[in-house]
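Below: one structure, written as structure tokens.
The values are calculated or read from the model by the stated rules, or taken from the named source; none is laboratory data. A quick note: this is a predicted structure, and the numbers were derived from the prediction, not measured. As a convention, Cβ positions derive from the backbone with ideal geometry for all residues, glycine included, and neighbour counts pool all protein chains shown.
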Amino acid sequence: MAPTAEQRDTTRVKHKASILLENFPTGTHYEAKMYNYSRGGMYFESDYAPLPGTEIYIGIENSPYDLGPDLYRAKVRWRKELPGQESRYAFGVGVKYYYPVAPQ
């Protein structure tokens, strides 16, 4: 069986960091863990699994992009349930960034 092609425009880079998610419409916060990123998005695992199309804000404390913390607005592209032995979280989520949001 041939490997499937990546469905992203830029290279994915492994980088673990704790992140904080905010559901855009409700303002509710959730903890999560980022495992990889690209210039256009990221993959994280969390017990919060927003539906594809949901807008969220992502705060990254140990940002791979800058020396300080970053805040990003993103749209959920996909989500999948993770088996219990695979992760401490229930879901894997892929997001695409809208653009960086300046800290206030």
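Among residues belonging to the range 71-98 that are within 10 Å of the chain's Cα centre (by Cα) and aromatic (Phe, Trp, Tyr), point out the one that is modelled with the highest pLDDT.
Result: TYR97.
State whether one or more residues within the range 32-42 are modelled with pLDDT of 90 or more, surrounded by 10 or more Cβ atoms within 10 Å (Cβ to Cβ) and not in a strand (DSSP E or B).
no
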